[in-house]
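> Take a look at this one; I'll ask things after.
The values are calculated or read from the model by the stated rules, or taken from the named source; none is laboratory data. Just so it is clear, the model here is predicted, and its values are computed rather than measured. Quick reminder, even Gly has a Cβ in these numbers, built from the backbone with ideal geometry, and neighbours come from all protein chains shown. Note: accessible area is taken over every heavy atom of the protein model, side chains too, but ligands, DNA and RNA are not part of it. Shrake-Rupley method; radii C 1.70, N 1.55, O 1.52, S 1.80 Å.
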Amino acid sequence: TMNTIQTIMNSTGASADQVKAKLKTLDDYADKTVYSTADMFNNIYKFTNAGIDLDTATKAMIGIANATADAGQGAQQASMAYYNLAQSLSTGYLTTIDYKSLNLANIVTKDMKQAFADTAIAAGTLKKKGEGLYQAGKKTYNLQQLFSEGLSEQWATADVIMKVFGEYGDETTKLGQRAYKAATEVKTYTAMMESLKATAGTGWKRTWELI
């Protein structure tokens, strides 16, 4: 944790207290869900190293986990999402390779694709060309093709990525409310045990900090 705090301080200029406050936000979220504090702590600095401010990165951490929950997937898949999205952020846009990894983890839903397309249109990196059709570069794609063939046009920029997952991490949006509910409802015995382990891990971490 200390390495994470120092790295974030170096990349953002935030104080130790500011960083600790954001990490506590993630810690509190992890306690309510099946998602891992360690995974979030081990990846948030990769986002700030890519130039993302601390507030935005924190909300995105929660948003990625919420989006994973919305797709019916668990902590392992969220960990993959953090890794692949961090790689894309360092590149500057969602790459085809990273998208395929997300898709193989069954995280990508139609709603997520639509959120990306709508956000990119608003950002001006994508043009709507009719019902269900989008122009990226000089080519026109349907929604599926936009991801399977069109990501090389770099329309899903780092800014678009962060805005999409910011929406998933915002409880005031319709998408965020639904995804947050999915993340916080422990529906199976396995998920319950993962949640209990995450809570126990947090408790031990605090114990060692006190020691």
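> Roughly how many debye, to the nearest 20, is the charge dipole of the chain about its Cα centre, given +1 on each Lys and Arg Cβ, -1 on each Asp and Glu Cβ, and no other charges? Write out the running numbers ahead of the final one.
On the way: 22 positive and 21 negative charges, 67 e Å.
So the magnitude is around 320 debye.
> Take the solvent-accessible surface of the protein heavy atoms, probe 1.4 Å, and return the percent of it on the chain that carbon and sulfur atoms account for. Can you show the working numbers first?
Numbers: 5440 of 10620 Å².
Using a 1.4 Å probe with all protein chains present, the chain comes out at 51 percent carbon and sulfur.
> Let me ask another. Please find, in a Gaussian network model of the chain (springs between Cα atoms separated by less than 10 Å), the residue of Y141, Y29, Y180 whose mean-square fluctuation is greatest.
Y141
> Give me the 1.4 Å probe accessible area per residue for the chain, excluding ligands and nucleic acids, in Å².
Numbers: 10620 Å² over 211 residues.
Value returned for the chain: 50 Å² of accessible area per residue.
> Test of understanding: in a Gaussian network model of the chain with alpha carbons linked when under 10 Å, which of T25, T37, T58 would top the mean-square fluctuation ranking?
T25
> For every helix of n ≥ 4 consecutive DSSP H residues, a contribution of -39,500 (n - 2.57) applies; sum these over the chain, divide by its total residues, and give [θ] at 222 nm rounded to the nearest 500 deg cm²/dmol.
Details: 11 runs with 148 residues, N = 211.
Rounded to the nearest 500, it is -22500 deg cm²/dmol.
> Consider a paramagnetic label point 7 Å from the Cα of T173 along Cα→Cβ; state which residues of region 114-155 have an amide N under 11 Å from it.
115-120, by backbone N distance to the label point.
> For each pair in K22/K127; K24/K128; K100/K139; K100/K174, compute the distance between the two Cα atoms and list the pairs where it is over 30 Å.
Working: K22/K127 36 Å; K24/K128 40 Å; K100/K139 21 Å; K100/K174 26 Å.
Flagged as over cut-off: K22/K127; K24/K128.
> Continuing with this model, one more query. Of the options S90, T7, S148, report the single residue whose Cα projects farthest towards the positive end of the charge dipole of the chain (beta-carbon charges: Lys, Arg +1; Asp, Glu -1).
Positive-end residue among those listed: S148.
> I've got another one for you. Please work out how much length the chain gains when fully extended from K20 to T7, using 0.36 nm per residue of separation minus the C-alpha to C-alpha distance, in nm with one decimal. The partial results should precede the final answer.
Values: separation 13, 0.36 × 13 = 4.68 nm, distance 1.22 nm.
Net length gain for the segment: 3.5 nm.
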